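**Q** Below you'll find the structure I mean.
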Amino acid sequence: MAANNRRMSGKKGAQVGSGGKRRRGLEGKGPTPPAEMRKGHAKQRAAQSKARRAQSARPQRRGGGRSSSELVVGRNPVVEALREGVPASTLYVQQFIDSDERVREALRLASERGGINLMEAPRPELDRMTNGLNHQGLVLQVPPYEYAHPDDLAAAAADAGEDPLIVALDGVTDPRNLGAVVRSVSAFGGHGVVVPERRAAGMTAGAWKTSAGAAARTPVARATNLTRALEAYQKAGLVVVGLDADGEAELGDLDALDGPLVIVVGSEGKGLSRLVGETCDVRVRIPMPGGAESLNAGVAAGIVLYEAARRRA
């Protein structure tokens with residue numbers, strides 16, 4: 001019986017297969033890749049090291065970039081933004097809206113300008129978009145602003161064969177002040193405005209409106225670090241002048257206004273920050289016989305820009 005069992009155990013039955021591994025193992029793996037592409041190969045490590053060195057040697061342009069999109073909410077704000085030429089990508093209109101003169105004017109302005117999408121949306125969708133603000137059935141989407149790089153402003157002046165005339169804002173957080181400065185820079189032949197990336201006003205719809213269209217002609221640059229941007233201007237031959245109520249020089253006595261110039265304006269409350277003030281080549285005060293303690297950024301910049309433009313004429 002034992003012998004019979006041994007004979008039966010030798011019979012073929014269900015066998016566990018290889019799953020095709022043996023067949024695939026006989027297939028070729030294609031041509032051998034170059035040494036630079038072989039993981040762990042000395043030539044691949046050398047190529048990666050060379051690429052890292054080239055990346056670190058390449059000059060990094062910091063600053064510039066784009067802001068985030070913005071929504072203008074409500075019938076009056078939307079109509080005013082469209083009247084002032086604020087850039088817009090889409091006008092959202094609530095379905096079954098009770099139309100009045102402002103709604104009709106918004107639709108007319110958006111249609112006449114061209115390039116603005118008209119979208120009808122239900123009220124719940126507009127509520128969601130505006131986080132529950134009182135949109136009154138009209139929402140205007142303002143596209144992200146494309147900031148220049150601080151170096152671009154001086155380069156544009158050089159291309160035009162002119163001495164750079166640039167305004168830098170230090171700690172100015174009101175978009176209306178930024179818009180007013182942009183308007184003054186445009187009026188007096190300046191080449192642009194520089195703002196810090198953080199804790200500063202940006203080119204919002206409010207800044208566009210205050211600029212009265214000048215923002216379409218005058219670039220605004222954004223600097224990752226304002227102090228370093230000013231130092232870069234100094235290395236390029238520009239004189240950095242800070243406006244300070246306690247400045248050592250008076251505006252009328254300053255000889256640098258007719259040359260390559262950066263005018264630095266601080267906030268109305270705090271003035272120039274310490275590091276920015278120390279970076280300036282000279283700090284200048286504007287004489288105020290009327291006894292006012294300070295001027296807002298837009299007015300102060302306009303006064304100095306006028307004096308610079310007068311001397312350059």
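The values are calculated or read from the model by the stated rules, or taken from the named source; none is laboratory data. Please read all numbers here as calculations on a predicted model, not as lab measurements. Neighbour counts are summed over all protein chains in view; Cβ atoms, including those assigned to glycine, are modelled from backbone coordinates with ideal geometry. For the accessible areas, the whole protein counts, side chains as well, though only heavy atoms, and no ligand, DNA or RNA atoms are used. Shrake-Rupley method; radii C 1.70, N 1.55, O 1.52, S 1.80 Å.
**Q** Can you work out which of the residues in the stretch 231-274 that are among the hydroxyl-bearing types (S, T, Y) and touching a Gly at 6+ places or on another chain (Cβ under 7 Å) is farthest from V185 (Cα to Cα)?
**A** Looking only at the stretch 231-274, we keep the residues that are among the hydroxyl-bearing types (S, T, Y), and these are 233, 267, 273.
Restricting the remaining residues to those that are touching a Gly at 6+ places or on another chain (Cβ under 7 Å) gives 267, 273.
Working: S267: 18, S273: 22 Å.
Here the answer is S273.
**Q** Another question about this same structure. Could you check how many residues of the stretch 279-308 are outside any loop (DSSP other than H, G, I, E, B), in contact with a strand residue (DSSP E or B) (Cβ under 8 Å, 6 or more places away or on another chain) and open to solvent by 30 Å² or more (accessible area, probe 1.4 Å)?
**A** Selection size over the stretch 279-308: 2.
**Q** Do we have any residue at all in the stretch 111-118 that's in a helix (DSSP H, G or I) and among the hydroxyl-bearing types (S, T, Y)?
**A** Applying the first criterion (in a helix (DSSP H, G or I)) to the stretch 111-118 yields 111-113.
Right, trim to among the hydroxyl-bearing types (S, T, Y) and you get 111.
Among the residues of the stretch 111-118, at least one is in a helix (DSSP H, G or I) and among the hydroxyl-bearing types (S, T, Y), which makes the answer yes.
**Q** Test each condition in (1) loosely packed, with under 13 Cβ neighbours inside 10 Å; (2) within 24 Å of D152 (Cβ to Cβ) for I263 and report the one that comes out false.
**A** Going through the list (1) loosely packed, with under 13 Cβ neighbours inside 10 Å; (2) within 24 Å of D152 (Cβ to Cβ), I263 breaks only (1).
**Q** Continuing with this model, one more query. Restricting attention to the stretch 168-181, report how many residues are more than 21 Å from A158 (Cβ to Cβ), in contact with a strand residue (DSSP E or B) (Cβ under 6 Å, 6 or more places away or on another chain) and either outside any loop (DSSP other than H, G, I, E, B) or free of Cβ contacts under 8 Å to residues at least 12 places away in the same chain (or both).
**A** 3
**Q** Note down all Cβ pairs under 7 Å where the first residue falls in the stretch 227-247 and is under 16 Å from V195 (Cα atoms), the second is open to solvent by 50 Å² or more (accessible area, probe 1.4 Å) and polar (S, T, N, Q), and they're at least six residues apart or on different chains.
**A** If the second residue must be open to solvent by 50 Å² or more (accessible area, probe 1.4 Å) and polar (S, T, N, Q), the pairs left are V240/Q234.
**Q** Within the stretch 161-189, how many residues turn out to be open to solvent by 60 Å² or more (accessible area, probe 1.4 Å) and of a type outside the set (S, T, N, Q)? Don't jump to the end; show me each part of the working.
**A** Step one: filter the stretch 161-189 for residues open to solvent by 60 Å² or more (accessible area, probe 1.4 Å), giving 161-163, 173, 176, 183, 187-188.
Now narrow it down to the ones that are of a type outside the set (S, T, N, Q): 161-163, 176, 183, 187-188.
Selection size over the stretch 161-189: 7.
**Q** While we're on this one: Does the stretch 132-151 include one or more residues that are touching a residue at least 60 places away in the same chain (Cβ under 8 Å), in a helix (DSSP H, G or I) and open to solvent by 30 Å² or more (accessible area, probe 1.4 Å)?
**A** From the stretch 132-151, those touching a residue at least 60 places away in the same chain (Cβ under 8 Å) are 133-151; that's our starting set.
Cutting the leftovers down to in a helix (DSSP H, G or I) gives us 150-151.
Then keep just the ones that are open to solvent by 30 Å² or more (accessible area, probe 1.4 Å); that gives 151.
Scanning the stretch 132-151, I find at least one residue that is touching a residue at least 60 places away in the same chain (Cβ under 8 Å), in a helix (DSSP H, G or I) and open to solvent by 30 Å² or more (accessible area, probe 1.4 Å), so the answer is yes.
**Q** Give E120, E125, E101 a once-over and let me know the one that is touching a strand residue (DSSP E or B) at 6+ places or on another chain (Cβ under 6 Å) and of a type in the set (D, E, K, R).
**A** E120
**Q** State which residue is nearest to G161 (Cα to Cα) when the search covers only the stretch 188-238 and only residues that are charged (D, E, K, R) and assigned to a helix (DSSP H, G or I).
**A** Filtering the stretch 188-238 for residues charged (D, E, K, R) gives 197-199, 209, 217, 222, 228, 231, 235.
Applying the additional criterion that residues be assigned to a helix (DSSP H, G or I) yields 209, 228, 231, 235.
Details: K209: 31, R228: 25, E231: 22, K235: 19 Å.
Within the stretch 188-238, the match that is nearest to G161 (Cα to Cα) is K235.
**Q** Any residue that is surrounded by 20 or more Cβ atoms within 10 Å (Cβ to Cβ), assigned to a helix (DSSP H, G or I), of a type outside the set (F, W, Y) and under 24 Å from the mean Cα position of the chain (by Cα) - is there at least one of those in the stretch 267-278?
**A** yes
**Q** When the stretch 90-105 is examined, which residues are found to be open to solvent by less than 30 Å² (accessible area, probe 1.4 Å) and under 28 Å from the mean Cα position of the chain (by Cα)?
**A** T90, L91
**Q** Next question. Take the stretch 64-89 and flag every residue that is out of contact with any Phe, Trp or Tyr (no Cβ under 8 Å at 6 or more places or on another chain), closer than 17 Å to A207 by Cα and either buried (at least 18 other Cβ atoms within 10 Å of the Cβ) or of a type in the set (A, V, I, L, M, F, W, C) (or both).
**A** E70, L71, V72, V73, P77, V78, V79, L82, A88
**Q** Can you tell me which of D253, D258 is touching a residue at least 24 places away in the same chain (Cβ under 8 Å) and surrounded by fewer than 21 Cβ atoms within 10 Å (Cβ to Cβ)? Let's see the steps before the verdict.
**A** Working: D253 fails: touching a residue at least 24 places away in the same chain (Cβ under 8 Å).
After applying the criteria, what remains is D258.
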